[in-house]
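Here the structure comes first, spelled out in structure tokens, and everything after it is commentary.
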Amino acid sequence: MGNDKYQDISDKELLQRFWQTQNNEWLGVLLQRYTLLLLGVCMKYLKDETDARDCVQQIFLKVIQEAGKYKIDYFKSWLYMVAKNQCLTLLRDKKGKTSVELDDTNSHVAEDVDGLPEEGALAVSDEMLQEALQELNEEQYKCVTLFYLKKKSYQEISENTGYPMLKVKSHIQNGKRNLKLSIQKKMKAADSTNAR
């Protein structure tokens, strides 16, 4: 189901349609909207791409099971909390400890997020993400969006773009790193603006 034709429909309205029809397709549209964002959250906590991708899949399943049970006012904030809890649960299971040690670079982000009101609960906004994506060069942008948003395999991206497989992997890795640096820079800038 192409997401583009639904871009004018708000999250709230998509949720309403889901609740009225119980059709998971509407949830699918919503989740597709935030796939890259979810991946960013999972990467922040789990520090491992494979774990992060698995975690996003688990979050999708959880959302499909849970969304019908709650009155969700802000889907994005709710989704963020589901994602964060899923990541923390995975980390706890891995470490066998109740406390999660965040490294220094991330601890302030986690604290900021916890202290935010519902609507602002996402540390990385869509706008920030889109801006960061636009800053990638064309090859990285194509490969990153095909890989994360369209869920294409290396092989499919290679066929799609004409880039050799090794180049595809390299563009994805470099793109992901540049994206992370760009977002961190934007968050720092936002933090210092907010601090004034």
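The table that follows gives values for the structure above.
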{"read-out": "Conditions (1) surrounded by 17 or more Cβ atoms within 10 Å (Cβ to Cβ); (2) more than 20 Å from Gln7 (Cβ to Cβ); (3) among the charged types (D, E, K, R); number of the one not met by Lys76", "value": "(2)"}
{"read-out": "Selection within segment 139-181 - under 22 Å from the mean Cα position of the chain (by Cα) and on the phi > 0 side of the Ramachandran plot", "value": "Lys151"}
{"read-out": "Criterion: surrounded by 12 or more Cβ atoms within 10 Å (Cβ to Cβ), at pLDDT below 85 and within 24 Å of Leu31 (Cα to Cα) - qualifying residue of Leu116, Leu88, Leu136", "value": "Leu116"}
{"read-out": "Residues satisfying the stated conditions in segment 63-73, i.e. crowded, with 17+ Cβ neighbours inside 10 Å and not in a helix (DSSP H, G or I)", "value": "Ile72"}
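The values are calculated or read from the model by the stated rules, or taken from the named source; none is laboratory data. Predicted model, so just to flag it, every value in this text is computed and none were measured. Here Cβ is always computed from backbone atoms with ideal geometry, including for glycine, and neighbour counts include all displayed protein chains.
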